[in-house]
Every structure is written in structure tokens, then in C-alpha cells.
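Taking it in order: structure first as C-alpha cells, then the write-up.
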Amino acid sequence: MAEEKELEYNQMLTERRRRNTQAAARMRERQRMREQNLKQRRDELMTRMQQLEAELSAIRRQRQQQQAQMESEDCSAIIDKLSAELEGATQLMGKIIEEIGNLVEILKSMELP
């Protein structure tokens with residue numbers, strides 16, 4: 001009887017060990033799959049980050065080009081405005097010189113004692 005119980009006990013221990021071994025193997029496989037999924041996700045995120053960095057760099061270059069173009073356009077607009085003002089001032093100066101000439105002629109024609 002004692003041998004039967006000992007045999008049963010040993011079989012129960014053997015079965016428990018087998019189940020534990022199987023459970024540990026399943027846990028190791030799940031852990032391996034988790035690690036593999038994490039590595040894959042890391043690679044995907046790194047690739048996406050590189051894409052975003054490239055896009056950001058392109059956007060920065062484009063913005064710099066636009067700013068340079070705007071500055072150039074602003075300078076051109078300022079130059080055009082100043083040119084127009086200078087032309088107006090030149091015309092006004094011509095009129096002033098003409099008026100001064102007229103005043104000089106009037107003064108010459110006047111007989112001053």
C-alpha cells in the first residue's frame with residue numbers, strides 16, 4: 001500500500017513537473033514573442049522618426065527659402081517705393097528750382113533803389 005501511495009505521489013510530482021515545465025516553456029515563448037514585437041515596434045518607430053526628421057528638414061529648408069524670397073520681395077518693394085518717392089522729390093525739386101528762377105526774374109525786373 002505504501003508503495004502504491006509512493007508511486008502515486010511520484011507520478012503526481014512527475015505530472016506536476018511536466019505541467020510546470022510546459023507552463024515555463026509557454027511563458028518563455030510568450031516572453032520571446034513580446035521581445036520580438038517590441039523590437040519590431042522599435043524599428044518601426046525609428047523608421048518613422050527618420051521620416052519625420054527628413055520631412056522636418058525639408059520644411060525648414062522650404063521655410064528658409066520662402067523667408068529669403070519674402071525678404072528679397074520686401075527689399076524690392078522698398079526699393080520701388082523709395083524710387084517712386086525719389087522721383088516725386090526730384091520733380092518737386094525741379095518745380096522749386098523753376099519757382100526760384102521765376103522769383104529771381106521778378107526781383108531783377110523790379111527796380112530797387
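Counting residues in the range 69-79 that are over 30 Å from the mean Cα position of the chain (by Cα), polar (S, T, N, Q) and in a helix (DSSP H, G or I) gives zero.
Checking Ile106, Ile59 one by one, the residue that is loosely packed, with under 10 Cβ neighbours inside 10 Å, free of Cβ contacts under 8 Å to residues at least 24 places away in the same chain and not in a loop (DSSP other than H, G, I, E, B) is Ile106 and no other.
Every read-out reported here was derived from the displayed coordinates using simple, explicitly stated rules and does not represent laboratory data. Computed from a predicted structure; not experimentally measured. Note: ideal-geometry Cβ built from the backbone for every residue, glycine included; neighbour counts use all protein chains shown.
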